[in-house]
Amino acid sequence: MIVAAAVLLVAGILLDYPELVVLGLGAVTVVAAAAGWMLARPEVTIEREIRPDRVAEGGTARGVLVVTNTARRRSPPMVVGESVGGQRVGITVASLPPGGCQQAEYQLPTAQRGVFEVGPLTLGHADPLRLMHLRRGFPSRSVLRVYPKLLPVVPLPTGGSPDLDGPTTAAAAPGGVAFHGLRDYVRGDDLRLIHWRSTARAGKFMVRHNVVPREPRMLVVLDTSAAPYLDAPNGGRANDGRRGDGAGHSAGDGRGRGQVQVHGHFEDAVRIAASLAAAAVTHGFPVEVHTTGGQRAVAQRGEGAPMAVLDLLAGVEARADDPGLTALTGMVPRDGGVVLGIVTGQPAAAAAATVSAVRPRFAMVTLVQVGAAPGRPGPAVRGALVLNVRTSEDFVAAWNTRVAR
(Lines give C-alpha, C1' and ligand atoms only; values in the text may rest on other atoms or scores of the structure.)
Protein backbone atom coordinates (compact mmCIF):
# COMPACT_ATOMS: atom_id res chain seq x y z
CA MET A 1 0.00 0.00 0.00
CA ILE A 2 2.92 2.35 0.72
CA VAL A 3 4.43 1.62 -2.70
CA ALA A 4 1.03 2.15 -4.35
CA ALA A 5 0.63 5.53 -2.59
CA ALA A 6 4.06 6.68 -3.78
CA VAL A 7 3.46 5.55 -7.37
CA LEU A 8 0.03 7.16 -7.53
CA LEU A 9 1.24 10.47 -6.10
CA VAL A 10 4.27 10.69 -8.40
CA ALA A 11 2.28 9.63 -11.45
CA GLY A 12 -0.56 12.05 -10.67
CA ILE A 13 1.83 14.99 -10.25
CA LEU A 14 4.00 14.21 -13.29
CA LEU A 15 1.07 13.40 -15.57
CA ASP A 16 -1.16 16.12 -14.11
CA TYR A 17 -3.93 13.65 -13.17
CA PRO A 18 -5.71 14.91 -10.01
CA GLU A 19 -7.60 11.64 -9.78
CA LEU A 20 -4.32 9.73 -9.27
CA VAL A 21 -3.25 12.22 -6.63
CA VAL A 22 -6.53 11.69 -4.79
CA LEU A 23 -6.04 7.92 -4.92
CA GLY A 24 -2.47 8.32 -3.64
CA LEU A 25 -3.62 10.52 -0.76
CA GLY A 26 -6.28 7.92 0.02
CA ALA A 27 -3.61 5.22 0.21
CA VAL A 28 -1.51 7.42 2.52
CA THR A 29 -4.55 7.94 4.74
CA VAL A 30 -5.22 4.21 4.94
CA VAL A 31 -1.59 3.49 5.90
CA ALA A 32 -1.66 6.26 8.51
CA ALA A 33 -4.91 4.91 9.95
CA ALA A 34 -3.43 1.39 10.15
CA ALA A 35 -0.31 2.75 11.89
CA GLY A 36 -2.47 4.66 14.37
CA TRP A 37 -4.49 1.53 15.07
CA MET A 38 -1.31 -0.45 15.78
CA LEU A 39 -0.22 2.12 18.38
CA ALA A 40 -3.05 0.84 20.57
CA ARG A 41 -1.13 -2.27 21.57
CA PRO A 42 -3.23 -4.79 23.51
CA GLU A 43 -2.40 -4.91 27.20
CA VAL A 44 -3.17 -8.44 28.30
CA THR A 45 -1.94 -11.15 30.63
CA ILE A 46 -1.78 -14.76 29.47
CA GLU A 47 -1.81 -17.76 31.80
CA ARG A 48 -1.21 -21.28 30.59
CA GLU A 49 -2.12 -24.56 32.27
CA ILE A 50 -1.47 -28.10 31.06
CA ARG A 51 -4.32 -30.48 31.97
CA PRO A 52 -2.94 -32.92 32.93
CA ASP A 53 0.80 -32.28 32.75
CA ARG A 54 1.50 -36.03 32.94
CA VAL A 55 -0.26 -38.49 30.66
CA ALA A 56 0.30 -41.95 29.23
CA GLU A 57 0.99 -42.54 25.56
CA GLY A 58 -2.15 -41.95 23.54
CA GLY A 59 -3.92 -40.20 26.41
CA THR A 60 -5.64 -36.83 26.31
CA ALA A 61 -3.85 -33.65 27.36
CA ARG A 62 -4.91 -30.09 26.68
CA GLY A 63 -3.33 -26.71 26.92
CA VAL A 64 -5.59 -24.11 28.51
CA LEU A 65 -4.88 -20.41 27.92
CA VAL A 66 -6.60 -17.65 29.90
CA VAL A 67 -6.20 -14.23 28.23
CA THR A 68 -7.23 -11.21 30.34
CA ASN A 69 -7.47 -7.63 29.09
CA THR A 70 -5.80 -5.37 31.68
CA ALA A 71 -6.26 -2.11 29.73
CA ARG A 72 -9.01 0.48 30.26
CA ARG A 73 -10.03 0.20 26.63
CA ARG A 74 -11.33 -2.65 24.57
CA SER A 75 -8.62 -4.89 23.16
CA PRO A 76 -8.43 -5.67 19.44
CA PRO A 77 -8.86 -9.25 18.16
CA MET A 78 -5.67 -11.23 18.64
CA VAL A 79 -4.01 -14.48 17.66
CA VAL A 80 -1.95 -16.37 20.24
CA GLY A 81 0.76 -18.60 18.78
CA GLU A 82 1.85 -21.54 20.92
CA SER A 83 4.89 -23.76 20.36
CA VAL A 84 4.20 -27.41 21.20
CA GLY A 85 6.99 -29.92 20.69
CA GLY A 86 8.46 -27.89 17.85
CA GLN A 87 5.08 -27.33 16.17
CA ARG A 88 3.06 -24.11 16.08
CA VAL A 89 -0.56 -23.87 17.18
CA GLY A 90 -2.65 -20.74 16.54
CA ILE A 91 -5.48 -19.75 18.93
CA THR A 92 -7.84 -16.91 18.01
CA VAL A 93 -8.85 -14.52 20.81
CA ALA A 94 -11.82 -12.22 20.27
CA SER A 95 -11.91 -8.54 21.19
CA LEU A 96 -12.15 -8.23 24.98
CA PRO A 97 -13.76 -5.47 27.05
CA PRO A 98 -11.76 -3.86 29.89
CA GLY A 99 -11.15 -6.54 32.50
CA GLY A 100 -12.63 -9.23 30.27
CA CYS A 101 -11.04 -12.62 29.77
CA GLN A 102 -11.31 -15.55 27.40
CA GLN A 103 -10.32 -19.17 27.92
CA ALA A 104 -9.10 -21.19 24.97
CA GLU A 105 -8.17 -24.87 24.83
CA TYR A 106 -6.10 -26.80 22.35
CA GLN A 107 -5.04 -30.42 21.99
CA LEU A 108 -1.49 -31.45 22.86
CA PRO A 109 0.30 -34.29 21.03
CA THR A 110 0.58 -37.45 23.17
CA ALA A 111 1.23 -40.14 20.57
CA GLN A 112 4.94 -40.22 21.45
CA ARG A 113 6.62 -40.87 24.76
CA GLY A 114 8.81 -37.99 25.84
CA VAL A 115 9.23 -34.75 27.75
CA PHE A 116 7.88 -31.90 25.64
CA GLU A 117 8.30 -28.17 26.17
CA VAL A 118 5.16 -26.12 25.64
CA GLY A 119 5.94 -22.48 24.83
CA PRO A 120 7.02 -19.78 24.47
CA LEU A 121 3.89 -17.84 23.54
CA THR A 122 3.60 -15.15 20.88
CA LEU A 123 0.77 -12.60 20.75
CA GLY A 124 -0.07 -10.98 17.43
CA HIS A 125 -2.65 -8.43 16.34
CA ALA A 126 -3.43 -6.61 13.07
CA ASP A 127 -5.38 -3.57 11.92
CA PRO A 128 -8.89 -4.09 10.48
CA LEU A 129 -7.59 -3.94 6.90
CA ARG A 130 -4.79 -6.43 7.67
CA LEU A 131 -2.13 -4.04 6.38
CA MET A 132 0.09 -4.31 9.45
CA HIS A 133 0.77 -7.10 11.90
CA LEU A 134 2.73 -6.89 15.14
CA ARG A 135 3.85 -9.79 17.27
CA ARG A 136 5.48 -9.96 20.68
CA GLY A 137 6.66 -12.89 22.74
CA PHE A 138 5.87 -14.16 26.22
CA PRO A 139 8.66 -16.26 27.74
CA SER A 140 6.25 -18.49 29.66
CA ARG A 141 7.03 -22.21 29.26
CA SER A 142 5.46 -25.40 30.57
CA VAL A 143 6.38 -29.08 30.39
CA LEU A 144 4.26 -32.01 29.25
CA ARG A 145 5.46 -35.49 30.21
CA VAL A 146 4.12 -38.36 28.15
CA TYR A 147 4.65 -41.62 30.01
CA PRO A 148 5.26 -44.98 28.37
CA LYS A 149 2.15 -47.11 28.06
CA LEU A 150 1.66 -49.39 31.07
CA LEU A 151 0.94 -53.01 30.24
CA PRO A 152 -1.26 -55.35 32.35
CA VAL A 153 1.45 -57.62 33.74
CA VAL A 154 2.26 -59.30 37.04
CA PRO A 155 5.38 -58.28 39.04
CA LEU A 156 8.79 -59.89 38.83
CA PRO A 157 8.99 -63.35 40.37
CA THR A 158 10.66 -63.30 43.78
CA GLY A 159 11.85 -66.89 43.87
CA GLY A 160 9.88 -67.57 47.05
CA SER A 161 7.01 -66.40 49.20
CA PRO A 162 7.15 -63.69 51.92
CA ASP A 163 7.93 -65.04 55.41
CA LEU A 164 6.24 -63.11 58.21
CA ASP A 165 8.76 -64.43 60.77
CA GLY A 166 11.97 -63.64 58.93
CA PRO A 167 14.51 -63.00 57.75
CA THR A 168 15.12 -59.79 59.69
CA THR A 169 17.85 -57.18 60.16
CA ALA A 170 18.63 -54.68 62.91
CA ALA A 171 18.01 -51.89 60.43
CA ALA A 172 14.48 -53.11 59.72
CA ALA A 173 11.56 -50.94 60.77
CA PRO A 174 10.44 -51.68 64.37
CA GLY A 175 6.91 -52.54 65.36
CA GLY A 176 6.38 -55.61 63.22
CA VAL A 177 5.62 -59.21 64.16
CA ALA A 178 9.02 -60.78 63.45
CA PHE A 179 11.31 -61.39 66.45
CA HIS A 180 14.83 -60.14 65.78
CA GLY A 181 16.47 -60.18 69.24
CA LEU A 182 16.50 -58.77 72.76
CA ARG A 183 17.46 -55.26 73.83
CA ASP A 184 17.41 -53.06 76.92
CA TYR A 185 14.09 -51.61 78.02
CA VAL A 186 13.48 -48.01 76.91
CA ARG A 187 10.87 -45.77 78.53
CA GLY A 188 7.69 -46.05 76.51
CA ASP A 189 8.18 -49.69 75.45
CA ASP A 190 5.14 -51.95 75.64
CA LEU A 191 5.36 -53.86 78.94
CA ARG A 192 3.96 -56.90 77.22
CA LEU A 193 7.24 -57.18 75.31
CA ILE A 194 9.33 -57.67 78.46
CA HIS A 195 11.17 -61.00 78.39
CA TRP A 196 11.11 -62.01 82.03
CA ARG A 197 13.63 -64.87 81.93
CA SER A 198 16.26 -62.65 80.30
CA THR A 199 15.37 -59.87 82.74
CA ALA A 200 16.01 -62.21 85.68
CA ARG A 201 19.39 -63.29 84.32
CA ALA A 202 20.57 -59.80 83.31
CA GLY A 203 19.25 -57.99 86.37
CA LYS A 204 17.61 -55.34 84.19
CA PHE A 205 14.55 -55.14 82.03
CA MET A 206 14.98 -56.78 78.61
CA VAL A 207 12.37 -56.56 75.88
CA ARG A 208 11.72 -58.38 72.63
CA HIS A 209 12.83 -56.38 69.59
CA ASN A 210 10.18 -57.08 66.97
CA VAL A 211 10.64 -55.66 63.48
CA VAL A 212 8.98 -55.67 60.11
CA PRO A 213 10.47 -58.70 58.33
CA ARG A 214 12.74 -58.01 55.45
CA GLU A 215 10.69 -58.10 52.26
CA PRO A 216 11.83 -58.61 48.70
CA ARG A 217 13.00 -55.42 47.03
CA MET A 218 12.78 -55.19 43.28
CA LEU A 219 15.37 -53.66 40.99
CA VAL A 220 14.38 -53.05 37.37
CA VAL A 221 17.29 -52.23 35.04
CA LEU A 222 16.65 -50.80 31.58
CA ASP A 223 19.45 -51.17 29.05
CA THR A 224 19.81 -47.71 27.48
CA SER A 225 22.73 -48.53 25.22
CA ALA A 226 21.97 -48.27 21.51
CA ALA A 227 23.71 -51.41 20.25
CA PRO A 228 21.15 -54.05 21.39
CA TYR A 229 18.37 -52.20 19.60
CA LEU A 230 20.37 -51.47 16.46
CA ASP A 231 21.18 -55.14 16.14
CA ALA A 232 17.64 -56.31 16.85
CA PRO A 233 16.01 -57.95 13.84
CA ASN A 234 13.28 -55.74 12.50
CA GLY A 235 10.74 -58.47 12.20
CA GLY A 236 9.26 -56.72 9.20
CA ARG A 237 9.10 -53.23 10.68
CA ALA A 238 10.79 -50.42 8.81
CA ASN A 239 13.33 -48.26 10.59
CA ASP A 240 12.06 -44.93 9.34
CA GLY A 241 13.14 -42.88 12.33
CA ARG A 242 9.67 -42.23 13.67
CA ARG A 243 8.97 -42.59 17.34
CA GLY A 244 6.11 -44.01 19.33
CA ASP A 245 4.38 -45.83 16.46
CA GLY A 246 6.48 -48.98 16.71
CA ALA A 247 8.37 -48.29 13.52
CA GLY A 248 11.50 -46.57 14.70
CA HIS A 249 12.93 -44.23 17.26
CA SER A 250 15.42 -41.42 17.11
CA ALA A 251 17.30 -41.19 20.40
CA GLY A 252 17.17 -37.47 21.01
CA ASP A 253 17.38 -34.90 18.27
CA GLY A 254 20.60 -36.18 16.80
CA ARG A 255 22.60 -33.20 18.07
CA GLY A 256 23.66 -34.59 21.46
CA ARG A 257 26.91 -36.46 21.79
CA GLY A 258 26.42 -40.21 21.77
CA GLN A 259 22.83 -40.07 20.53
CA VAL A 260 22.08 -42.31 17.56
CA GLN A 261 19.15 -43.64 15.62
CA VAL A 262 17.88 -46.87 17.19
CA HIS A 263 15.16 -49.29 16.30
CA GLY A 264 11.62 -48.94 17.62
CA HIS A 265 12.10 -51.91 19.96
CA PHE A 266 13.68 -49.50 22.41
CA GLU A 267 10.18 -48.13 22.98
CA ASP A 268 9.01 -51.69 23.67
CA ALA A 269 11.77 -52.07 26.26
CA VAL A 270 10.79 -48.81 27.97
CA ARG A 271 7.14 -49.89 28.16
CA ILE A 272 8.10 -53.23 29.68
CA ALA A 273 10.39 -51.65 32.29
CA ALA A 274 7.71 -49.15 33.27
CA SER A 275 5.06 -51.88 33.50
CA LEU A 276 7.19 -54.12 35.72
CA ALA A 277 7.92 -51.22 38.07
CA ALA A 278 4.25 -50.20 38.25
CA ALA A 279 3.19 -53.81 38.88
CA ALA A 280 5.67 -54.07 41.77
CA VAL A 281 4.27 -50.96 43.45
CA THR A 282 0.69 -52.15 42.90
CA HIS A 283 1.48 -55.45 44.61
CA GLY A 284 3.16 -53.80 47.58
CA PHE A 285 6.86 -54.16 46.73
CA PRO A 286 9.39 -51.31 46.96
CA VAL A 287 11.13 -50.92 43.61
CA GLU A 288 14.09 -49.10 42.13
CA VAL A 289 14.53 -48.42 38.44
CA HIS A 290 18.04 -47.94 37.07
CA THR A 291 19.26 -47.32 33.57
CA THR A 292 22.62 -48.57 32.42
CA GLY A 293 23.42 -44.93 31.70
CA GLY A 294 23.36 -44.09 35.43
CA GLN A 295 19.85 -42.71 35.95
CA ARG A 296 17.88 -43.87 38.97
CA ALA A 297 14.41 -43.53 40.49
CA VAL A 298 12.76 -45.09 43.56
CA ALA A 299 9.14 -45.95 44.28
CA GLN A 300 7.90 -47.15 47.66
CA ARG A 301 5.08 -49.59 48.24
CA GLY A 302 1.67 -48.05 48.72
CA GLU A 303 2.74 -44.98 46.77
CA GLY A 304 0.05 -45.34 44.12
CA ALA A 305 1.39 -44.34 40.72
CA PRO A 306 5.22 -44.46 40.77
CA MET A 307 5.60 -40.85 39.63
CA ALA A 308 9.37 -40.63 40.02
CA VAL A 309 9.86 -43.79 37.99
CA LEU A 310 7.49 -42.70 35.23
CA ASP A 311 9.10 -39.24 35.11
CA LEU A 312 12.47 -40.91 34.55
CA LEU A 313 11.21 -43.28 31.86
CA ALA A 314 9.30 -40.52 30.05
CA GLY A 315 12.55 -38.87 29.00
CA VAL A 316 15.00 -41.76 28.81
CA GLU A 317 16.96 -42.15 25.56
CA ALA A 318 19.30 -44.75 24.06
CA ARG A 319 22.87 -43.63 23.53
CA ALA A 320 25.88 -45.03 21.74
CA ASP A 321 28.22 -44.13 24.62
CA ASP A 322 26.13 -46.00 27.21
CA PRO A 323 28.03 -48.92 28.84
CA GLY A 324 25.06 -51.27 28.51
CA LEU A 325 24.72 -54.43 30.61
CA THR A 326 28.33 -54.21 31.80
CA ALA A 327 27.02 -51.55 34.21
CA LEU A 328 25.25 -54.33 36.17
CA THR A 329 28.41 -55.01 38.14
CA GLY A 330 28.03 -51.61 39.79
CA MET A 331 24.42 -52.29 40.83
CA VAL A 332 25.07 -55.33 43.04
CA PRO A 333 23.34 -54.79 46.43
CA ARG A 334 25.16 -55.00 49.73
CA ASP A 335 22.47 -57.13 51.34
CA GLY A 336 20.31 -59.96 50.08
CA GLY A 337 16.66 -60.15 49.21
CA VAL A 338 16.84 -58.08 46.01
CA VAL A 339 14.99 -59.31 42.94
CA LEU A 340 16.53 -58.18 39.64
CA GLY A 341 14.67 -57.64 36.39
CA ILE A 342 16.64 -56.67 33.28
CA VAL A 343 15.04 -55.33 30.11
CA THR A 344 17.17 -55.09 27.00
CA GLY A 345 17.19 -55.66 23.26
CA GLN A 346 19.39 -58.29 21.62
CA PRO A 347 22.77 -57.69 23.29
CA ALA A 348 26.06 -59.25 22.31
CA ALA A 349 27.05 -62.50 24.01
CA ALA A 350 29.74 -60.75 26.07
CA ALA A 351 27.23 -58.27 27.46
CA ALA A 352 24.72 -61.02 28.27
CA ALA A 353 27.46 -62.90 30.15
CA THR A 354 27.44 -60.11 32.74
CA VAL A 355 23.99 -61.30 33.80
CA SER A 356 25.42 -64.72 34.67
CA ALA A 357 28.24 -63.05 36.60
CA VAL A 358 25.94 -61.05 38.90
CA ARG A 359 23.25 -63.73 39.24
CA PRO A 360 24.53 -65.17 42.59
CA ARG A 361 24.22 -61.76 44.27
CA PHE A 362 20.45 -61.52 43.77
CA ALA A 363 17.57 -63.54 45.16
CA MET A 364 16.08 -63.92 41.69
CA VAL A 365 17.06 -62.66 38.23
CA THR A 366 14.80 -62.20 35.23
CA LEU A 367 16.09 -61.22 31.78
CA VAL A 368 13.63 -59.86 29.22
CA GLN A 369 14.85 -59.34 25.66
CA VAL A 370 12.81 -57.60 22.96
CA GLY A 371 13.28 -57.61 19.21
CA ALA A 372 13.64 -61.38 18.92
CA ALA A 373 13.19 -63.20 15.63
CA PRO A 374 10.28 -65.69 15.66
CA GLY A 375 11.31 -68.91 17.38
CA ARG A 376 14.66 -67.58 18.53
CA PRO A 377 15.42 -68.63 22.13
CA GLY A 378 17.09 -66.31 24.60
CA PRO A 379 20.56 -66.84 26.07
CA ALA A 380 21.04 -69.48 28.73
CA VAL A 381 21.56 -67.89 32.15
CA ARG A 382 21.77 -70.45 34.93
CA GLY A 383 19.26 -69.82 37.70
CA ALA A 384 17.55 -66.98 35.84
CA LEU A 385 14.24 -66.65 34.05
CA VAL A 386 14.88 -65.61 30.43
CA LEU A 387 12.12 -64.37 28.13
CA ASN A 388 12.90 -63.50 24.51
CA VAL A 389 10.01 -61.73 22.76
CA ARG A 390 9.53 -59.62 19.65
CA THR A 391 7.40 -56.73 20.93
CA SER A 392 5.88 -55.43 24.15
CA GLU A 393 2.51 -56.83 23.07
CA ASP A 394 4.02 -60.30 22.75
CA PHE A 395 5.63 -59.84 26.16
CA VAL A 396 2.29 -59.41 27.95
CA ALA A 397 0.90 -62.77 26.88
CA ALA A 398 4.17 -64.67 27.34
CA TRP A 399 4.95 -63.08 30.72
CA ASN A 400 1.58 -63.55 32.39
CA THR A 401 1.44 -67.15 31.17
CA ARG A 402 4.93 -68.10 32.30
CA VAL A 403 5.27 -66.25 35.59
CA ALA A 404 3.25 -67.92 38.37
CA ARG A 405 2.98 -66.11 41.69
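The values are calculated or read from the model by the stated rules, or taken from the named source; none is laboratory data. What you are looking at is a predicted structure, and each value in this text was computed from that prediction instead of being measured. Positions of Cβ are generated from backbone atoms using ideal geometry, with glycine treated the same way; all protein chains shown enter the neighbour counts. Each accessible area value is taken on the protein alone, full model and side chains, heavy atoms only, with ligands, DNA and RNA left out. Shrake-Rupley method; radii C 1.70, N 1.55, O 1.52, S 1.80 Å.
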Legend entry - Yes/no for residue 83 being under 14 Å from residue 141 (Cα atoms) and of a type in the set (Ser, Thr, Tyr): yes
Inset, instruction - Scan the range 376-393 and report the pairs whose first residue is more than 16 Å from residue 157 (Cβ to Cβ) and whose second residue is open to solvent by 70 Å² or more (accessible area, probe 1.4 Å) and not charged (D, E, K, R), with Cβ atoms within less than 9 Å and a gap of 6+ or a chain change. - result: 379/349; 388/377; 390/374
Inset, instruction - Evaluate the following for residue 398: is it within 18 Å of residue 266 (Cβ to Cβ), modelled with pLDDT under 95 and not in a loop (DSSP other than H, G, I, E, B)? - result: no
Legend entry - Matching residues, the range 112-164, being of a type in the set (A, V, I, L, M) and over 24 Å from residue 308 (Cα atoms): 121, 123, 126, 129, 131, 132, 134, 164
Inset, instruction - Report, ordered by the first and then the second residue, all pairs with beta carbons closer than 7 Å, sequence separation of six or more or different chains, a first member in the range 284-298 that is within 15 Å of residue 333 (Cα to Cα), and a second member that is among the hydrophobic types (A, V, I, L, M, F, W, C) and open to solvent by 20 Å² or more (accessible area, probe 1.4 Å). - result: 288/298; 289/312; 290/331; 298/308
Legend entry - Any pair with Cβ under 7 angstrom, 6 or more apart, that starts in the range 1-28 at a residue that is closer than 21 Å to residue 133 by Cβ and ends at one that is open to solvent by 40 Å² or more (accessible area, probe 1.4 Å) and not in a helix (DSSP H, G or I): 1/131; 27/1
Inset, instruction - State yes or no: is residue 393 at pLDDT 90 or above, loosely packed, with under 15 Cβ neighbours inside 10 Å and closer than 19 Å to residue 272 by Cβ? - result: yes
Legend entry - Test result for residue 376, in a loop (DSSP other than H, G, I, E, B), among the charged types (D, E, K, R) and in contact with a helix residue (DSSP H, G or I) (Cβ under 9 Å, 6 or more places away or on another chain): no
Legend entry - residue 277 assigned to a helix (DSSP H, G or I), in contact with a strand residue (DSSP E or B) (Cβ under 7 Å, 6 or more places away or on another chain) and open to solvent by less than 20 Å² (accessible area, probe 1.4 Å): yes
Inset, instruction - Would you confirm whether any residue within the range 137-144 is touching a Phe, Trp or Tyr at 6+ places or on another chain (Cβ under 9 Å) and touching a residue at least 24 places away in the same chain (Cβ under 8 Å)? - result: yes
Inset, instruction - Kindly indicate whether residue 59 is without any contact (Cβ under 8 Å) to a residue 24 or more places away in the chain and closer than 30 Å to residue 316 by Cα. - result: no
Legend entry - Test: residue in the range 360-367 that is closer than 19 Å to residue 292 by Cβ, open to solvent by 20 Å² or more (accessible area, probe 1.4 Å) and either of a type outside the set (Val, Ile, Thr) or in a helix (DSSP H, G or I) (or both): yes
Inset, instruction - Say whether the condition of being assigned to a strand (DSSP E or B), touching a strand residue (DSSP E or B) at 6+ places or on another chain (Cβ under 8 Å) and touching a residue at least 60 places away in the same chain (Cβ under 8 Å) is met by at least one residue in the range 92-115. - result: yes
Inset, instruction - Tell me which residues, restricted to the range 198-216, are open to solvent by less than 30 Å² (accessible area, probe 1.4 Å) and either at pLDDT 85 or above or charged (D, E, K, R) (or both). - result: 198, 199, 206, 207
Inset, instruction - Please work out if residue 314 is in contact with a Pro (Cβ under 9 Å, 6 or more places away or on another chain) and at pLDDT 95 or above. - result: yes
Legend entry - Pick from the range 290-306, criterion at pLDDT 90 or above and part of a loop (DSSP other than H, G, I, E, B), ranking: surrounded by the fewest Cβ atoms within 10 Å (Cβ to Cβ): 294
Inset, instruction - Check residue 143 against each of (1) within 31 Å of the chain's Cα centre (by Cα); (2) surrounded by 16 or more Cβ atoms within 10 Å (Cβ to Cβ); (3) over 16 Å from residue 40 (Cα atoms) and name the one condition it does not meet. - result: (2)
Inset, instruction - Could you check residue 131 against (1) assigned to a strand (DSSP E or B); (2) at pLDDT 90 or above and say which number it fails? - result: (1)
